[in-house]
Amino acid sequence: MRFPSRFASRRGLLLGTAAVSAGALLTGCTSNDPKDKEPAADTRPAADDKPGKQVTIGFAGPQADHGWLNAINDNAKNRAEKYSDVTLEITEGSNDTAQQIGQIETLINKKVDVLVVLPADGKALTQVGLQAMRAGIPVINLDRIFNTPQAYRCWIGGDNYGMGLSAGHYIGEKLKGKSDARVIELAGLDNLELTKQRTQGFDDALKNYPNIKKVARQAADFTVESGQAKMAQLLQAQSKFDALWNHDDDQGVGALRAIEQAGRDDFMMVGGAGALSAFQAIKQGNGVLKATVLYPPTMAASAIDLARALGQSKGVGGLAEYEIPASITLYSAVVDKENVDQYMSTGFR
């Protein structure tokens, strides 16, 4: 998922509503003379594009064996290159827990200023997060969360429950005038908590539409091959339905192949994540894919911004606080034909 200026901006992505009332908070005044009033907000400079203190950021993520994960790496690298005061030490990436721990320990031993970590397994890597924090290296925990807040200074990631919620409401609004509407779901890996959260959000949204019933659900595993195989099974089992929600645009490539092979076009499809191929299909508008719900890898670019601010002891533009937030949850926007041009440059391959 690439990012245009509205996503690259810390003000736009992270803090769109943060400063609405910052200047109207407690003023600590002792008289009606404005010169006696203390400022309500942090007067230190926020991190911005102007060069500042040199910061070395260590970046460790899982193996980029998926379009979204590859986009995470690209976003981190491209964002770091924007800053003349940032040096990025990036690891190869691994899905082997022991290997990723070793890579992070190497970054700790190099005494990087800040660590950005997207763990292959948040639970399994919690201890190395704690190790970094105890060594005085603040950690930005990206997306897959560690077991304890003591293992990171700031968490930033997507909203899996909100992703399902957005998909459910979008489909619900499209079908609210249809009696006895039927929907199906092509989920991700069922052993992942994020898959359960996406399904829960979807189910909760559908509760608002009593005319809609979810009649089938099949779990795939976020690959093109699994998407094609599991979608073929769903199509064979369900001769008639009105909408499909697919959790992931990568497996959605396979799902669309199965749909084309079956010659089906009697339903609408909503995807998930924000792949470029999905955006292009939505823009063309001649297939079943009508929308996708974002899970933006631009979070990696924002993690670099946050790490830089930490390394320079600065706050974040748009907030009154002296420090960066402890956690930031990104919004799961729906992209359809009406707004796809706005997001096209963020689409990952």
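A few points about this structure:
- Residue-level accessible surface for TYR161, protein heavy atoms, 1.4 Å, Å²: 90
- The base-10 log of I(q)/I(0) for the stretch 247-349, evaluated at q = 0.10, 0.11, 0.15 Å⁻¹, reads -0.39, -0.45, -0.68 [Debye formula, identical scatterers on Cα atoms, solvent excluded].
- Placing +1 on the Cβ of every Lys and Arg and -1 on the Cβ of every Asp and Glu, with no other charges, gives the chain a dipole of roughly 340 debye about its Cα centre.
- Rounded to the nearest 500, the 222 nm mean residue ellipticity of the chain from helices alone is -11000 deg cm²/dmol, with -39,500 (n - 2.57) taken per DSSP H run of at least 4 residues.
- Label-to-label distance, nm, for residues given as GLU338 and ASN191 (7 Å Cα→Cβ offset): 4.1
- Greater than 27 Å apart at Cα, pairs in LYS77/LYS196; LYS53/LYS123; LYS110/LYS196; LYS230/LYS290; LYS123/LYS230: LYS77/LYS196; LYS53/LYS123; LYS110/LYS196; LYS123/LYS230
- For the chain, the antiparallel share of DSSP beta bridges with both residues in that region comes to about 5%.
- DSSP-defined beta bridges in the stretch 237-349 - what % are antiparallel, rounded to 5: 25
- Model label zone, GLN200; criterion: amide N under 18 Å from point 7 Å along Cα-to-beta-carbon; scope the stretch 97-126: 122-123
- Carbon/sulfur fraction of accessible area - the stretch 97-229, other protein chains in place, 1.4 Å, %: 48
- Length added when fully stretched, LYS77-ASP65, from 0.36 nm per residue minus Cα-Cα: 2.6 nm
- Accessible area per residue for the stretch 264-328 is 29 Å², calculated with a 1.4 Å probe on protein heavy atoms, without ligands, DNA or RNA.
- Ordered by 1.4 Å accessible area with all protein chains kept, LYS196, LYS123, LYS214 run largest first as LYS123, LYS196, LYS214.
- Computed magnitude of the charge dipole of the stretch 41-183 (debye, nearest 20; Cβ of K, R +1, Cβ of D, E -1): 320
- Mean shadow area of the stretch 166-223 over all directions, Cα convex hull, nm²: 3.9
The values are calculated or read from the model by the stated rules, or taken from the named source; none is laboratory data. All values derive from a computational prediction rather than experimental measurement. Neighbour counts are summed over all protein chains in view; Cβ atoms, including those assigned to glycine, are modelled from backbone coordinates with ideal geometry. Please note that ligands, DNA and RNA were not included when accessible areas were found on the heavy atoms of the full protein model with its side chains. Shrake-Rupley method; radii C 1.70, N 1.55, O 1.52, S 1.80 Å.
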